[in-house]
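> I am attaching a structure below and will ask some questions about it afterwards.
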Amino acid sequence: MNIKNSNVVITGGSSGIGKETARRFKAKGAKVVITGRDNQKLQRVAAELGAIPFLFDISDLKSIPQKAKKIVDLLDGKIDVLINNAGVGVFPVLGEITEQNLMDIYQTNVFGLTLLTQEILPVFKKQHYGNIINIGSTASLKGFARGSVYAASKFAVRGLTQSWQAELRKDNIRVCLVNPSEVTTAFGDLTRKERNEESKKLSSEEIAHTIILTVEMRDKGFIPEVTIWATNPF
């Protein structure tokens, strides 16, 4: 896909992976809508990047049809890429998991992701073209101690991705799962404060780079899944 003059939607675009990905799409000439829950931060980052800010809490499931329509309108009815990046995590050990833990994580990571994509799908089908990038995790591939809730949600995202690939190839819609290993972002911090980059861990730059490469592949092919690891995490 040629990114120049394309229309891109990035959920959770005001920090971390979403912010860096938006920066790179903008640098290549795309029109980018970024969503976020903190309006002050969203407006500041959008102004910095030259992106379009859209206040949106994807865990508010009932708001999704109306919000999705507004996003489509912002982009004049054309969307080339949807990046489902918004995600949250909690990490209780088995024996301490609550119903609220499950609902909080699944509403964003699974339910909101699915329902938003479903609302954007008619645009892709009308165009007979589109790219859906789901941000998974290495937790999509293997569980870990204290990972019951988070890993289960990311396993679900992997299953969704594979199902959509099977359903949407005939419509010329490419669906890819991007699995980062640990990244030094604000993820997991309830204050959403960015963390300093660490030499032994990935940064948002490696993930954004991967997303760009995946989208830029010629439209006749697609990458179903890609996993990014730190070269030397020890």
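The values are calculated or read from the model by the stated rules, or taken from the named source; none is laboratory data. Being a predicted model, the structure only gives us computed values, none of them experimental. No Cβ is skipped: glycine too gets one built from the backbone with ideal geometry, and neighbour counts run over all protein chains shown.
> Step by step: first the residues of the range 82-92, then only those that are among the aliphatic types (A, V, I, L, M) and surrounded by fewer than 23 Cβ atoms within 10 Å (Cβ to Cβ), then the one that is nearest to GLN107 (Cα to Cα). Which residue is that?
Initially, the range 82-92 is screened for residues among the aliphatic types (A, V, I, L, M), giving 82-83, 86, 88, 90.
So of that shortlist, the ones also surrounded by fewer than 23 Cβ atoms within 10 Å (Cβ to Cβ) come out as 88, 90.
Numbers: VAL88: 10, VAL90: 13 Å.
Ranking the qualifying residues of the range 82-92, first place goes to VAL88.
> Considering each residue of the range 195-234, count those that are more than 27 Å from SER163 (Cβ to Cβ), among the aliphatic types (A, V, I, L, M) and assigned to a loop (DSSP other than H, G, I, E, B), and give that number.
Selection size over the range 195-234: 1.
> Of (1) over 23 Å from LYS78 (Cα atoms); (2) more than 16 Å from the chain's Cα centre (by Cα), SER59 satisfies all except one. Which?
(2)
> State the number of residues belonging to the range 205-234 that are modelled with pLDDT under 95 and small (Gly, Ala, Ser).
1
> Out of the residues in the range 4-36 meeting the condition of being in contact (Cβ under 8 Å) with a residue 40 or more places away in the chain and of a type in the set (S, T, N, Q), tell me which one is farthest from THR210 (Cα to Cα).
That would be THR35.
> Further question on the same structure: Under 7 Å between Cβ atoms, at least 6 apart or on separate chains: pull out the pairs that start in the range 131-146 with a residue that is within 19 Å of GLU206 (Cα to Cα) and end on any residue that is at pLDDT 95 or above and in a loop (DSSP other than H, G, I, E, B).
Pairs that qualify, where the first residue is within 19 Å of GLU206 (Cα to Cα) and the partner is at pLDDT 95 or above and in a loop (DSSP other than H, G, I, E, B), are ILE135/ASN85; ILE135/GLY87; ALA139/GLY147.
> Are there any pairs, at least 6 apart or on different chains, whose C-beta atoms fall under 7 Å, with the first in the range 195-216 and under 26 Å from ASN7 (Cβ atoms) and basic (Lys, Arg) and the second surrounded by 15 or more Cβ atoms within 10 Å (Cβ to Cβ) and at pLDDT below 95, and if so, which?
Going by the 7 Å Cβ cut-off, there are no qualifying pairs.
> Same structure, new question: Considering only residues that are within 21 Å of VAL88 (Cα to Cα) and either assigned to a loop (DSSP other than H, G, I, E, B) or in contact (Cβ under 8 Å) with a residue 60 or more places away in the chain (or both), which ones fall in the range 37-68?
Those that are within 21 Å of VAL88 (Cα to Cα) and either assigned to a loop (DSSP other than H, G, I, E, B) or in contact (Cβ under 8 Å) with a residue 60 or more places away in the chain (or both): ARG37, ASP38, LYS41, PHE56, ASP57, ILE58, SER59, ASP60.
Condition check ((1) closer than 24 Å to LEU202 by Cβ; (2) of a type in the set (A, V, I, L, M, F, W, C)) across all residues:
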{"position": "SER14", "(1), (2)": "yes, no"}
{"position": "ILE17", "(1), (2)": "yes, yes"}
{"position": "ASP104", "(1), (2)": "no, no"}
{"position": "ASN109", "(1), (2)": "yes, no"}
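> To continue, here is another question. Which numbered condition trips up ASN109, out of (1) touching a helix residue (DSSP H, G or I) at 6+ places or on another chain (Cβ under 6 Å); (2) touching a residue at least 60 places away in the same chain (Cβ under 8 Å); (3) closer than 20 Å to TYR150 by Cα?
If we test ASN109 against (1) touching a helix residue (DSSP H, G or I) at 6+ places or on another chain (Cβ under 6 Å); (2) touching a residue at least 60 places away in the same chain (Cβ under 8 Å); (3) closer than 20 Å to TYR150 by Cα, just (2) comes out false.
> So, in the range 69-80, exactly how many residues are acidic (Asp, Glu) and either under 17 Å from LEU113 (Cβ atoms) or outside any loop (DSSP other than H, G, I, E, B) (or both)?
Pass one, the range 69-80, residues acidic (Asp, Glu): 73, 76, 80.
Checking which are either under 17 Å from LEU113 (Cβ atoms) or outside any loop (DSSP other than H, G, I, E, B) (or both) leaves us with 73.
The qualifying residues number 1.
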